[in-house]
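To start, the structure itself, in structure tokens.
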Amino acid sequence: MPRVGQDLRQYLQLDSMPHVWCPGCGHGQVARGLATALDRLSLPLDQLVLVGGIGCSGRTPFYFNANAMHTTHGRALAFATGLKLTRPELTVITTMGDGDTAAIGGNHFIHACRRNIDMTAIVYNNGIYGMTGGQQAPTTPRGARSVTTPLGSLEPPFDIVQLALAAGATYVARSTTFDFDELPTLIVDAVRHPGFAVVEVLTQCPTYYGRLNELGDAVAMLDYERDLTLPQEAITKEGLAGRRPLGVFRREIAPEYTAQYAELCARQAARS
Amino acid sequence: MKLIQGNEACALGAMRAGCRFFAGYPITPATEIMEWMARLLPPKGGVFIQMEDEIAALAAVIGASWGGAKAMTATSGPGFSLMQEHLGYAAMTETPCVVVDSQRGGPSTGLPTLPAQGDVMQARWGSHGDRPAIVLTASSVRDVYEITVAAFNLSETYRLPVVLLLDALLSHMRENVELPEVAVVDRRKPDSVEAFQPFGSTAFQAFGDGPPLVVTGLAHADTGRPRASDGPNLERMLRRSIDRLETDREAITRYRAIGLDDADHLILTYGITARSAAGAVQQLRADGIRAGLLELQTLWPFPERLVADLASRVENVVVPELNLGQLVMAVRAAVGGAAPVRHLGRADGRLFSPEEIATAVRAGAHEVSRA
């Protein structure tokens, strides 16, 4: 459990502060979850590469004392794939938003899930495009307002967990910024998982999603997150009743790509 | 001597240059390059991966380059269009990598199996914003091998994405080739890891080889940290990398000259069209017309001074190319009023015959004599 006041500054790049996130934004809580996870993992930070996409979440790598690769919109996983294949000994974690992951980067995301390369994708899902000013995302719930759906969204949203499961990710979990204690545990678990791991984090955007949908301030949005979700172990015979389940949905050991590739190279080299 | 295909020569050149990462997506007429790399890389411990699209292919190449590997992708027009986003990213992040574009008739799906030279301007200006660019081309299977190595060498020397333009015919053509000896340039490592600034010089540190690095497509300081609202800093960055090429323009410029010493008529062309032009020079000279050929192997940065000097010594200039007028714009700008410039273009998937080029030179000569 993260201690209140725990000093995580050694993991942070304080020169890059103040960060770009709005007051009350959940991304700082996700970053804290990641910093807490790094503290437990005891990884050498020069052997860790944080690969960000574009958007509020994509800025996360700048605020850490590790290697940072801030890439293009939607494509963090494609960059990470080339890097990890070249340097399997490095730990690679991507930070992407929901639009980054499921709209412009949807193709890269499903193929990364399918390949099972030993990397971790943290998906910050706030249900809206924050950096560009509150437009509809592929995760915006039906009926929810954004500046491009002022009368409510007509589109069924993507469920990132279901998408990752269907595409074959071998570790899939979901948490929220309300679940302050759980998130670092899941990130540690995901990074240690020897394969492709997806951790979706529901995070609040009080500036756009909250304001446009009259959900109140950041604290009220955390309550909203709590009420929107249900830990899997708390699911009763009444089922989810429209709430989104939390926790680990899959943890499966399957052949990992870089290990298989190394074997293939060794076999070829022996033959030639 | 060995009978090899243009695309095979490209793969062999890449391996010779030390390429150890290839990511691609199948596309005619470039696919054999990736097929060869899929066979050649694993025994050397290199990485081959087929990605989900061309956008991802160049992203993976850039990721691999920051892992320290010499890296390449190969595609054709439609894939090259998709790669523009990451050509810009590679330029902004000063990432060495090689992008091969085997040109086919366009726009769009166009003429998938027929040659063209329609990507000359896209290779220079296709991504948004200003950037330094090195674009090479070749006209024979042997040259493809040698110039692929040159593409890697330049890319590693200047920390840039280098584009090599082939075409459908050259890619699929087979010639008997004696592969030449080539020099290979390796990536320059920082002199001191502690005092190293990741941007601002052509030395390169990969992820994991020193203190943590910051790499971003945002405008950034020499430390790599973003300076997203600092316009003058961005312009300084751009001018610095453009100036590096400007300073070395002569060294970067590769060309082949035939009969230029006493030429009255200059044929200026590149790539597969240079083969027809060489035939035209022979025919014209047999008829007593002193024609010469400048075959450019470096298209960008455009060798303005070389072209201007030659133009000042001839009566007319003919520029044949398999498009409706692309490199000719740079030729006209360089020549100014020194000599009339005649463009000979086509976009029908066919090559020029030597006769067609010779006829254009004769017509030019006739006009000059009437003037």
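For chain A, set up a Gaussian network in which alpha carbons nearer than 10 Å are linked by springs, and say which option among A:GLY242, A:GLY210, A:GLY82 fluctuates the most.
Among A:GLY242, A:GLY210, A:GLY82, the largest mean-square fluctuation in the Gaussian network model of chain A belongs to A:GLY242.
Please list, in chain and number order, the residues 5+ apart from A:ALA144 or on another chain whose amide H is under 5 Å from its amide H, with Hs placed from the backbone.
Counting only residues 5 or more places away or on other chains, the set is A:SER153.
Percent of Cα-Cα pairs more than 23 Å apart in the range A:9-271, please. Let's see the in-between values first.
Working: 16950 of 34453 pairs.
Roughly 49 percent, rounded to a whole number.
Would you please give the FRET efficiency between A:ILE235 and A:ALA166, computed as 1/(1 + (r/R0)^6) with r the Cβ-Cβ distance and R0 = 22 Å, to the nearest 0.05?
Details: r = 21 Å, r/R0 = 0.94.
So, using R0 = 22 Å, E works out to roughly 0.60.
Run the numbers on chain B and let me know its relative contact order in percent, using alpha-carbon pairs under 8 Å that are six or more apart.
On the way: 813 pairs, mean separation 59.2, N = 371.
Relative contact order comes out at 16 percent.
Please compute the Kirkwood hydrodynamic radius of the range B:19-78 from all pairs of different C-alpha atoms, in Å with one decimal. Intermediate values should be presented prior to the final figure.
Working: mean 1/r = 0.0894 Å⁻¹.
Roughly 11.2 Å, rounded to one decimal.
Calculate how many DSSP beta bridges within the protein assembly as shown are antiparallel, expressed in % of all such bridges and rounded to the nearest 5. Working shown, then result.
Working: 22 of 90 bridges.
Once the DSSP bridges in the protein assembly as shown are tallied, antiparallel ones form about 25 percent.
May I ask for the distance between the Cα centers of the range A:44-67 and the range B:213-228, given as a whole number of Å?
Rounded to whole Å, the Cα centres lie 13 Å apart.
Percent relative contact order of the range A:9-271, based on C-alpha pairs within less than 8 angstrom and at least six residues apart?
Working: 565 pairs, mean separation 48.2, N = 263.
Relative contact order comes out at 18 percent.
Using a simple spin-label model with points 7 Å from Cα along the Cα→Cβ vector, what separation in nm is obtained for B:VAL368 and A:GLU89?
Output for this residue pair reads 6.3 nm.
If the cut-off is a Cα-Cα distance under 28 Å, which lysines reach A:LYS84, setting aside same-chain residues fewer than 8 apart in sequence?
Straight-distance partners of A:LYS84: B:LYS44, B:LYS70, B:LYS189.
Counting Lys and Arg as +1 and Asp and Glu as -1, each charge on the Cβ, what is the dipole of the range A:115-217 about the Cα centre in debye, to the nearest 20? It would help to have the intermediate numbers written out before the result.
Working: 6 positive and 10 negative charges, 63 e Å.
Dipole magnitude for the range A:115-217 comes out near 300 debye.
I need the per residue convex hull volume for the protein assembly as shown, using only the alpha carbons, in cubic angstrom as a whole number.
Details: hull volume 109.0 nm³, N = 643.
Dividing the Cα hull volume of the protein assembly as shown by its residues yields 170 Å³.
By how many nm would the segment from A:GLU155 to A:GLU252 lengthen if fully extended, with 0.36 nm per residue of separation less the alpha-carbon distance? Write out the running numbers ahead of the final one.
Working: separation 97, 0.36 × 97 = 34.92 nm, distance 3.20 nm.
That works out to 31.7 nm of additional length.
With a 10 Å cut-off between alpha carbons and a GNM built on chain A, which of A:SER153, A:SER175, A:SER42 moves the most?
Highest fluctuation among the options: A:SER42.
What residue among A:THR60, A:CYS205, A:ILE104 has its Cα farthest toward the positive end of the dipole of chain A, where the charges are +1 on Lys, Arg and -1 on Asp, Glu, each on the Cβ?
A:ILE104
R0 = 35 Å: FRET efficiency of B:GLN282 with B:ARG188, Cβ-based, nearest 0.05?
Values: r = 44 Å, r/R0 = 1.25.
After rounding to 0.05, the efficiency reads 0.20.
Counting partner chain Cβ atoms within 10 Å of every residue's Cβ in B:212-225, what's the average?
On the way: counts 14, 6, 11, 9, 9, 6, 4, 0, 1, 0, 0, 1, 5, 5.
Mean shielding count: 5.
Could you state the orientation-averaged shadow area of the convex hull built on the Cα atoms of the range B:1-252, in nm² to one decimal? Spell out each step's value before the answer.
Details: hull surface 52.6 nm².
Directional mean of the projected Cα hull area for the range B:1-252 stands at 13.2 nm².
Taking chain B as the reference, fit the longest principal axis to its C-alpha atoms, fit the long axis of helix B:231-247 to the helix C-alpha atoms, and give the angle between the two in degrees, 0 to 90, nearest 10.
Helix B:231-247 sits roughly 50 degrees off the main axis of chain B.
Would you please give the FRET efficiency between A:ASP181 and B:ALA308, computed as 1/(1 + (r/R0)^6) with r the Cβ-Cβ distance and R0 = 51 Å, to the nearest 0.05? List each step's numbers first, then the result.
Details: r = 71 Å, r/R0 = 1.39.
Efficiency computed from Cβ-Cβ geometry: 0.10.
Please report the base-10 log of the normalised intensity I(q)/I(0) for the range B:312-371, using a Debye sum with one equal scatterer per alpha carbon and no solvent, at each q in 0.21, 0.30 (1/Å).
So the normalised log intensities are -0.85, -1.26.
Does anyone have the angle between helix B:31-40 and the longest principal axis of chain B? Alpha-carbon axes, 0 to 90°, nearest 10?
50 degrees
Any idea what % of Cα-Cα pairs in the range B:256-370 are farther than 18 Å?
Numbers: 2732 of 6555 pairs.
In whole percent, the share of Cα-Cα pairs in the range B:256-370 beyond 18 Å is 42.
Only Cα pairs within less than 10 Å get springs; with that Gaussian network setup on chain B, which residue of B:GLU355, B:GLU32, B:GLU94 has the largest fluctuation?
Fluctuation is largest for B:GLU355.
Using the crude model of +1 on Lys and Arg Cβ and -1 on Asp and Glu Cβ, and no other charge, please compute the dipole size for chain B relative to its Cα centre, in debye to 20. Each step should come with its number before you reach the end.
Values: 35 positive and 42 negative charges, 22 e Å.
In debye, rounded to 20, chain B gives about 100.
With N set to the residue count of the range B:147-239, report its C-alpha Rg divided by 2.2 N^0.38 Å to two decimal places. Walk me through the numbers before you get to the answer.
Working: Rg = 18.0 Å, N = 93, 2.2 N^0.38 = 12.3 Å.
Relative to the 2.2 N^0.38 Å estimate, the range B:147-239 comes out at 1.46.
From the mean inverse distance of alpha carbon pairs (Kirkwood) and the Cα radius of gyration, derive Rg over Rh for the range B:253-320.
Numbers: Rg = 11.1 Å, Rh = 11.8 Å.
Taking Rh as the inverse mean 1/r over Cα pairs, Rg/Rh reads 0.94.
Show log10 I(q)/I(0) for the range B:1-117 at q = 0.09, 0.10, 0.11, 0.13 Å⁻¹, two decimals, from a solvent-free Debye sum over equal Cα scatterers.
-0.22, -0.27, -0.33, -0.46
Looking at chain A, what % of its DSSP beta bridges pair antiparallel, to the nearest 5? Could you put the intermediate results ahead of the total?
Working: 9 of 38 bridges.
Within chain A, antiparallel bridges account for around 25 percent of the total.
In nm, to one decimal, how far is the modelled label at A:CYS22 from the one at B:THR28, with both set 7 Å along Cα→Cβ?
Using points 7 Å along Cα→Cβ, the separation is 5.1 nm.
How big is the dipole moment of the range A:1-92 about its Cα centre under a simple scheme where the beta carbon of each Lys and Arg is +1, that of each Asp and Glu is -1, and everything else is neutral? Debye, nearest 20, please.
Values: 8 positive and 5 negative charges, 41 e Å.
The calculation lands at about 200 debye.
Of the beta bridges DSSP finds with both residues in chain B, what % are antiparallel, to the nearest 5?
Working: 13 of 49 bridges.
Close to 25 percent.
Convert 10 °C to kelvin, take the viscosity as 1.306 mPa s, use the Kirkwood radius over C-alpha pairs of the range B:160-208 as Rh, and evaluate the Stokes-Einstein diffusion coefficient in µm²/s, rounded to a whole number.
Details: Rh = 15.1 Å.
Translational D for this selection: 105 µm²/s.
In square nanometres, what is the average projected area of the Cα convex hull of the range B:188-229?
Values: hull surface 11.5 nm².
With the hull built on Cα positions only, its mean projection is 2.9 nm².
Tell me which residues come under 5 Å, amide H to amide H, from B:LEU164 once H is placed; ignore anything under 5 positions away on its chain.
B:VAL99, B:VAL100, B:ASP101, B:LEU136
Please give the helix B:273-286 orientation as an angle from the longest Cα principal axis of chain B, in degrees from 0 to 90, rounded to the nearest 10.
Helix B:273-286 sits roughly 30 degrees off the main axis of chain B.
Every read-out reported here was derived from the displayed coordinates using simple, explicitly stated rules and does not represent laboratory data. Because the structure is a prediction, the values reported are computed rather than measured. Counting neighbours? That spans all protein chains shown, and the Cβs are built from the backbone with ideal geometry, glycine included.
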